[in-house]
1. Kindly indicate whether T85 is under 30 Å from V25 (Cβ atoms) and surrounded by 18 or more Cβ atoms within 10 Å (Cβ to Cβ).
2. From G209, G178, grab the single residue that is of a type outside the set (D, E), on the phi > 0 side of the Ramachandran plot and buried (at least 20 other Cβ atoms within 10 Å of the Cβ).
3. Between a first residue in the range 14-40 that is at negative phi and surrounded by 14 or more Cβ atoms within 10 Å (Cβ to Cβ) and a second residue that is of a type in the set (A, V, I, L, M) and at pLDDT below 90, which pairs have beta carbons less than 9 Å apart while being 6 or more apart in sequence or on different chains?
4. The conditions are (1) closer than 16 Å to L98 by Cβ; (2) in a helix (DSSP H, G or I), and F50 fails exactly one of them. Which is it?
5. For the range 198-208, state whether one or more residues are modelled with pLDDT under 95 and either farther than 21 Å from V25 by Cα or not aromatic (F, W, Y) (or both).
6. Which residue is farthest from K104 (Cα to Cα), if the candidates are limited to the range 48-59 and must be surrounded by fewer than 21 Cβ atoms within 10 Å (Cβ to Cβ) and touching a helix residue (DSSP H, G or I) at 6+ places or on another chain (Cβ under 9 Å)?
7. Is it the case that L222 is aliphatic (A, V, I, L, M), at positive phi and part of a loop (DSSP other than H, G, I, E, B)?
8. Look through the range 225-238, keep the residues that are touching a strand residue (DSSP E or B) at 6+ places or on another chain (Cβ under 9 Å) and outside any strand (DSSP E or B), and return whichever of them is surrounded by the fewest Cβ atoms within 10 Å (Cβ to Cβ).
Amino acid sequence: MWGIVDKALDKFKNNSTFEELVSEVKQKEVPTHVAFIMDGNGRWAKKRGFPRSVGHQAGVKTLKEITKISKNLGVKYITTYAFSTENWKRPEKEVNFLMKLFEKVFLEELDELDQEGVRLNIIGYKNRLPQGVKEKVEQAMERTKNNNTLVLNIALDYGARSEIIESVKNIGRDLIDGKISLEDIDEQLISQGLYTNQQPDPDLLIRPGGEKRISNFLLWQLAYTELCFTEVYWPDFNKEAFLEIIKDYQERERRFGGLKKK
């Protein structure tokens with residue numbers, strides 16, 4: 001997969017144009033739901049002699065570009081890992097900057113996202129966010145709740161294990177209260193208690209930045225997701241790279257535990 005993305009970053013060295021690449025991708029089935037672990041912002045900045053904050057700002061621009069091309073392709077859901085439950089362990093200065101950045105982005109990008117028909121959905125422990133961020137989150141979700149072109153899930157103070165635990169706790173309460181029986185507990189019931197309830201599981205997970213792990217992200221939902229890891233840092237992950245990865249995805253055979261087709 002590294003070679004695929006490297007090729008994408010040099011795409012215009014050959015005779016293919018961006019429009020031709022888009023057309024080629026659209027001729028086959030495009031993933032309905034794509035998840036991203038937006039990794040490498042800090043290392044991208046450090047490599048260039050900038051503070052980590054510059055990398056985070058550059059990462060926002062990448063997300064905007066990927067959201068636009070996803071909408072063009074017909075992708076219906078994007079889930080991005082913006083800030084994990086473990087990220088609170090980072091230096092206070094960086095955490096404070098990120099919270100201010102989230103607040104700024106929700107304020108400045110809301111009009112455009114709303115006009116594009118994007119529905120913002122923030123998943124995670126919203127009650128632990130600073131008041132300013134919580135207010136902007138609530139405003140963004142309320143204003144875009146009826147949009148249906150693309151759903152943009154932003155995982156903010158999110159951890160998959162905590163998400164599953166909360167779902168199990170709610171099931172336990174219903175069991176104690178007699179609302180359900182033991183036999184009612186199945187995959188569907190657990191899924192209904194997750195933040196992505198009523199959404200399809202991701203078809204494709206992309207993690208730039210060189211790491212090859214899931215990092216407590218969508219553990220339940222990724223059971224049969226196709227995975228892609230690349231060394232390209234998130235701020236350098238452009239729309240051409242995204243299209244090349246989708247082309248690779250389109251060549252894979254998703255069997256969901258079944259046998260390979262003859």
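1. Numbers: under 30 Å from V25 (Cβ atoms): no; surrounded by 18 or more Cβ atoms within 10 Å (Cβ to Cβ): yes.
So T85 does not fit the description; no.
2. Values: G178 fails: buried (at least 20 other Cβ atoms within 10 Å of the Cβ).
So the residue among G209, G178 that is of a type outside the set (D, E), on the phi > 0 side of the Ramachandran plot and buried (at least 20 other Cβ atoms within 10 Å of the Cβ) is G209.
3. Between residues of the range 14-40 that are at negative phi and surrounded by 14 or more Cβ atoms within 10 Å (Cβ to Cβ) and residues that are of a type in the set (A, V, I, L, M) and at pLDDT below 90, the close pairs are L21/A8.
4. Every condition holds for F50 apart from (2).
5. Just the residues of the range 198-208 that are modelled with pLDDT under 95, to begin with: 198.
After this cut, where a residue has to be either farther than 21 Å from V25 by Cα or not aromatic (F, W, Y) (or both) as well, the list is 198.
Within the range 198-208, one or more residues are modelled with pLDDT under 95 and either farther than 21 Å from V25 by Cα or not aromatic (F, W, Y) (or both).
6. Of the range 48-59, the ones surrounded by fewer than 21 Cβ atoms within 10 Å (Cβ to Cβ) are 48-54, 57-58.
Subsequent filtering for residues that are touching a helix residue (DSSP H, G or I) at 6+ places or on another chain (Cβ under 9 Å) retains 48, 50-54, 57-58.
Numbers: R48: 24, F50: 20, P51: 19, R52: 17, S53: 14, V54: 14, Q57: 11, A58: 14 Å.
If we take residues in the range 48-59 being surrounded by fewer than 21 Cβ atoms within 10 Å (Cβ to Cβ) and touching a helix residue (DSSP H, G or I) at 6+ places or on another chain (Cβ under 9 Å), then R48 is farthest from K104 (Cα to Cα).
7. Numbers: aliphatic (A, V, I, L, M): yes; at positive phi: no; part of a loop (DSSP other than H, G, I, E, B): yes.
In short, no.
8. Filtering the range 225-238 down to residues touching a strand residue (DSSP E or B) at 6+ places or on another chain (Cβ under 9 Å) leaves 225-230, 234, 237.
Within this subset, residues satisfying the condition of being outside any strand (DSSP E or B) are 225, 230, 234, 237.
Details: T225: 19, T230: 26, W234: 27, F237: 29.
This residue is T225.
The values are calculated or read from the model by the stated rules, or taken from the named source; none is laboratory data. If you're wondering where the values come from, they're calculated on a predicted model, not measured in any experiment. Positions of Cβ are generated from backbone atoms using ideal geometry, with glycine treated the same way; all protein chains shown enter the neighbour counts.
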